[in-house]
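Here's the structure, in structure tokens; my notes come after.
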Amino acid sequence: MLLTNASRQLVYSNPAFAKHWNIPASMVATGDETPMLQFVQDQLVDPGAFLREVERINPTSESSQDEVHLKDGRVLSRRSVPFEENGLFQARLWIFTDITAAREARIDQLCGVPNRRAYSMEYPTFAEAGDDGLIKAVGIMDIDNFKAYNDRYGHAAGDLVLRQIGGLLRRQLNADDLVYRIGGEEFLVACKTREGSDAVSFFEALRTSVATMRLTHEGNLPHGVVTASFGLGLFRGPRDPGELFTMIDAALYRAKKAGRNSICVEEL
């Protein structure tokens, strides 16, 4: 933790703060925030964003919380709380917590997307949230004939396909969208759009992108390449997460039965 006053001078820092940031004790002893900010920049994945948030929020009465990514792979949670006296800003407390292990526990190491554990914690909140005027879309994506792919090409090749699918999903989804690997070759994707047609177009783009990777799959006839099928549910307002999943999973089954490499939409 780090406490600085209105003049950006160090009031207090605990030993864990210097340890998190590898800051020399002599630099901390100066009590000047500026050289410490300059020192940590080389450790950050996005130093510009880090510094902009510091400059934006420091003199305000706002509290904040975000995540900071370091080049060594660590992820720090950053919380900031202001202190005022007689309505005037006096100081700001910064609290940094190493959440790397917690983040890794929620990420599928093969695909690089959130795992089943993250899904079980976050998907119900999305499904049960109230109506905000937007269409909610939840899609279950299944790689077509994936068992046949593993049988023909081997599990190492199958793992490579999953890595590539994970990379595709990370690239095409927006910051507010959700994606989880919920099974061997199954993923759940959730987003919000203004119109149902926008959601269908979004998932159609995902389906097309999988096919256009042109990953050879001779056991997936008549396509001959890796493809994916989707069950898609469109709805507004709160829904029971379990019932919602069951209905969308049934739509996925219909998409696969109809020939795969397709989307079956369930208007809820």
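If you take the Cα Rg of region 89-231 and divide it by 2.2 N^0.38 Å, with N the number of residues, what do you get? Working shown, then result.
Numbers: Rg = 17.8 Å, N = 143, 2.2 N^0.38 = 14.5 Å.
So region 89-231 has a normalised radius of gyration of 1.23.
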Item to check | Nearest-ten-degree value, helix 116-128 long axis tilted from longest Cα axis of the chain | outcome: 90
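Just how many pairs of Lys in the chain have C-alpha atoms closer than 30 Å, counting pairs that are eight or more places apart or on different chains? Don't jump to the answer; show the numbers that get you there.
Working: K19/K71; K136/K192; K136/K256; K136/K257; K147/K256; K147/K257; K192/K256; K192/K257.
Value for the chain: 8.
Over all alpha-carbon pairs in region 1-113, figure out the percentage whose distance exceeds 21 Å.
Numbers: 2444 of 6328 pairs.
Percent of Cα pairs beyond 21 Å in region 1-113: 39.
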Checklist entry - Let a ≥ b ≥ c be the square roots of the eigenvalues of the Cα gyration tensor of region 8-62; is it rounded (a/c under 1.5), or, if not, prolate (a/b larger than b/c) or oblate? => result oblate
Checklist entry - Out of residues 5 or more away from A129 or on other chains, whose amide H comes under 5 Å of its own, with H placed 1.01 Å from N in the peptide plane? => result R239
Checklist entry - Which trypsin sites (Lys or Arg not before Pro) in region 164-196 pass both tests, a DSSP loop state and at most 11 other beta-carbon atoms within 10 Å? => result R194
Checklist entry - Looking at F83, L178, Y153, which one has the Cα that reaches farthest to the positive end of the dipole of the chain (charges on Cβ: Lys, Arg +1; Asp, Glu -1)? => result Y153
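For region 56-123, what is the convex hull volume of the alpha-carbon atoms per residue, in Å³? Before the final figure, lay out the partial values.
Working: hull volume 8.2 nm³, N = 68.
Residue-normalised Cα hull volume stands at 121 Å³.
Quick one: dipole size for region 24-63, taken about the Cα centre, charges +1 on Lys/Arg Cβ and -1 on Asp/Glu Cβ, in debye to the nearest 20.
Numbers: 2 positive and 7 negative charges, 1 e Å.
Roughly 0 debye for region 24-63.
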Checklist entry - Roughly to the nearest percent, how much of the accessible area of the chain is carbon and sulfur, given a 1.4 Å probe? => result 52
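Taking a probe of 1.4 Å, how large is the accessible area per residue of the chain, in Å²? Write down the numbers at each step before the final one.
Working: 13510 Å² over 268 residues.
Accessible area per residue: 50 Å².
To the nearest whole percent, what portion of all C-alpha pairs in the chain is separated by more than 25 angstrom? Mind showing how you got there, number by number?
Details: 20232 of 35778 pairs.
The answer is 57 percent, as a whole percent.
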Next on the checklist: Just to confirm my numbers, what's the Cα centroid distance between region 75-95 and region 45-62 in Å?
Outcome noted: 12
Next on the checklist: Run lengths n ≥ 4 of DSSP H only: what is the helix-derived mean residue ellipticity at 222 nm for the chain, with -39500 (n - 2.57) per run over all residues, to the nearest 500?
Outcome noted: -12500 deg cm²/dmol
Checklist entry - Quick one: Cα centre-to-centre distance for region 208-268 and region 120-181, in angstrom? => result 11
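The values are calculated or read from the model by the stated rules, or taken from the named source; none is laboratory data. This one's a predicted model, so the numbers in the text were calculated from it and none came from an experiment. Positions of Cβ are backbone-derived with ideal geometry, glycine not excepted, and every protein chain shown enters the neighbour counts. Quick note on the areas: whole protein, heavy atoms, side chains included, nothing else; ligands and nucleic acids left out. Shrake-Rupley method; radii C 1.70, N 1.55, O 1.52, S 1.80 Å.
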